[in-house]
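Have a look at the structure below before the remarks.
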Amino acid sequence: MLPSRYFVDLTQPEIAAQFKTNPLVILPAGSVEQHGPHLPTGTDTLAANVIGHAVAERMDGLVLPATPLGVTPMHMPFEGTITLTPDTFMRVVIETCAATARHGAKYLLVLNWHEGNIPSLAIAAESLHRDHGMTVLTVQACYVAEELYGKTCNGLTHGGEIEALAVLAYRPDLVHLDRIDYSSDHSHGHKMDKLRRTRSYQPVLTDIRSIAPTGWFGSPQHATADKGARMLTDIAEAIAKEATDIFRQLDAVQGGPAEIKHLRHAS
Ligand SMILES: [Zn+2]
């Protein structure tokens with residue numbers, strides 16, 4: 001039994017042994033950005049970390065150190081935001097995971113909670129597969145949350161109930177429901193979120209104020225730690241089940257890293 005699922009809590013022999021047992025690593029990806037007066041700036045990273053850990057328990061994997069920052073130029077008009085450029089972010093993701101690949105990690109689950117990271121993560125995932133031989137799967141955990149809890153939580157909104165629940169499940173001391181204030185208009189926010197979240201048409205928005213002039217919108221008033229724990233379990237169960245099945249299907253059609261090396265060198 002591992003004393004912890006977090007890579008940084010473990011010793012070298014524990015990690016070496018775990019890579020032999022199950023060479024699966026999970027990279028939580030989040031961001032540091034303003035989330036209104038009631039949620040911490042690290043909300044997305046906290047959410048990715050706690051879900052990543054719950055998935056690691058179910059899939060027998062190790063949780064890598066989460067990306068310290070994300071790509072979030074949209075939120076820069078507000079003081080609580082620190083953004084990386086896509087290039088820097090991609091390099092951090094690729095170099096973090098590639099190092100583990102050198103030590104024997106073969107399967108990588110990138111667990112993302114921040115929409116601004118999606119394009120950069122897609123490019124990093126390609127590189128980690130093609131250049132470093134990992135079998136890679138990226139899951140947009142925030143969208144899984146929306147699918148499971150959007151109906152009862154008034155959608156996935158920036159600073160809304162789903163985000164409050166994710167933090168409540170991990171660090172309830174950082175959630176200040178008594179400070180909820182100045183939510184932007186819901187119907188305009190939902191309209192803009194719908195505009196930017198379609199498969200076929202992808203507009204580029206300058207900053208969050210075109211969605212929510214005050215920086216956030218939603219109705220997290222009724223979020224509780226109990227509901228947060230339930231949401232965490234439901235999301236983790238769903239992701240672990242789906243990811244296990246997808247890794248199995250990938251193994252069946254394209255083999256593992258050894259085969260990729262062989263194919264690359266055969267030509
Ligand atoms: Zn967020």
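The values are calculated or read from the model by the stated rules, or taken from the named source; none is laboratory data. Since the model is a prediction, treat every value here as computed from it, not as a measurement. Methodologically, a virtual Cβ is constructed for each residue, glycine included, from the backbone with ideal geometry; neighbour enumeration extends over all protein chains shown. Accessible surface areas use protein heavy atoms only, side chains included; no ligands, DNA or RNA. Shrake-Rupley method; radii C 1.70, N 1.55, O 1.52, S 1.80 Å.
What's the total number of residues in the stretch 139-152 that are in a loop (DSSP other than H, G, I, E, B) and open to solvent by 70 Å² or more (accessible area, probe 1.4 Å)?
Let us first name the residues in the stretch 139-152 that are in a loop (DSSP other than H, G, I, E, B), namely 150-152.
Pick out the ones that are also open to solvent by 70 Å² or more (accessible area, probe 1.4 Å) and you get 151-152.
Selection size over the stretch 139-152: 2.
Give Met74, Met59 a once-over and let me know the one that is among the hydrophobic types (A, V, I, L, M, F, W, C), in contact (Cβ under 8 Å) with a residue 40 or more places away in the chain and touching a strand residue (DSSP E or B) at 6+ places or on another chain (Cβ under 7 Å). Talk me through it step by step, then tell me what you get.
On the way: Met74 fails: touching a strand residue (DSSP E or B) at 6+ places or on another chain (Cβ under 7 Å).
Criteria check complete, one pass: Met59.
With within 14 Å of the ligand (Cβ to nearest atom), open to solvent by 10 Å² or more (accessible area, probe 1.4 Å) and modelled with pLDDT of 95 or more as the only criterion, which of Ile118, Ile123 stands out?
Matching residue, one of Ile118, Ile123: Ile118.
Among the numbered criteria (1) in contact with a Phe, Trp or Tyr (Cβ under 8 Å, 6 or more places away or on another chain); (2) open to solvent by 20 Å² or more (accessible area, probe 1.4 Å), which one does Gly189 miss?
(2)
Which residues, counting only those in the stretch 153-177, are in a helix (DSSP H, G or I) and free of Cβ contacts under 8 Å to residues at least 60 places away in the same chain?
First, the residues of the stretch 153-177 that are in a helix (DSSP H, G or I): 161-168, 172-174, 177.
The answer is Pro172, Asp173.
Restricting to the stretch 58-84, name every residue that is closer than 24 Å to Ala105 by Cα, open to solvent by less than 10 Å² (accessible area, probe 1.4 Å) and part of a loop (DSSP other than H, G, I, E, B).
Our first condition is that a residue be closer than 24 Å to Ala105 by Cα; within the stretch 58-84, this holds for 58-70.
Add one more test, that the residue is open to solvent by less than 10 Å² (accessible area, probe 1.4 Å), and what stays is 61-64, 67, 70.
Across the stretch 58-84, the qualifying residues are Gly61, Leu64, Thr67.
Return the residues of the stretch 20-57 that are among the polar types (S, T, N, Q), near the ligand (Cβ under 10 Å from one of its atoms) and part of a loop (DSSP other than H, G, I, E, B); say none if nothing qualifies. Before the answer, list the steps.
Within the stretch 20-57, the subset among the polar types (S, T, N, Q) is 21-22, 31, 34, 41, 43, 45, 49.
So of that shortlist, the ones also near the ligand (Cβ under 10 Å from one of its atoms) come out as 31, 34, 41, 43, 45.
Those that are among the polar types (S, T, N, Q), near the ligand (Cβ under 10 Å from one of its atoms) and part of a loop (DSSP other than H, G, I, E, B): Ser31, Gln34, Thr41.
Does the stretch 68-79 contain at least one residue that is within 16 Å of the ligand (Cβ to nearest atom), at negative phi and modelled with pLDDT under 95?
Yes: the stretch 68-79 contains one or more residues that are within 16 Å of the ligand (Cβ to nearest atom), at negative phi and modelled with pLDDT under 95.
Within the stretch 28-41, can you find the residues that are open to solvent by less than 20 Å² (accessible area, probe 1.4 Å) and either under 20 Å from Met231 (Cα atoms) or among the charged types (D, E, K, R) (or both)? Working first, answer last.
First pass over the stretch 28-41, keeping only residues open to solvent by less than 20 Å² (accessible area, probe 1.4 Å): 28-31, 33-35, 38-39.
Pro28, Ala29, Gly30, Glu33, His35, His38, Leu39, listed by residue number.
Of all the residues that make up the stretch 1-19, how many are in a loop (DSSP other than H, G, I, E, B) and either polar (S, T, N, Q) or crowded, with 24+ Cβ neighbours inside 10 Å (or both)? Working first, answer last.
Within the stretch 1-19, the subset in a loop (DSSP other than H, G, I, E, B) is 1-5, 10-11.
Next, only the ones that are either polar (S, T, N, Q) or crowded, with 24+ Cβ neighbours inside 10 Å (or both) stay: 4, 11.
Number satisfying all stated conditions: 2.
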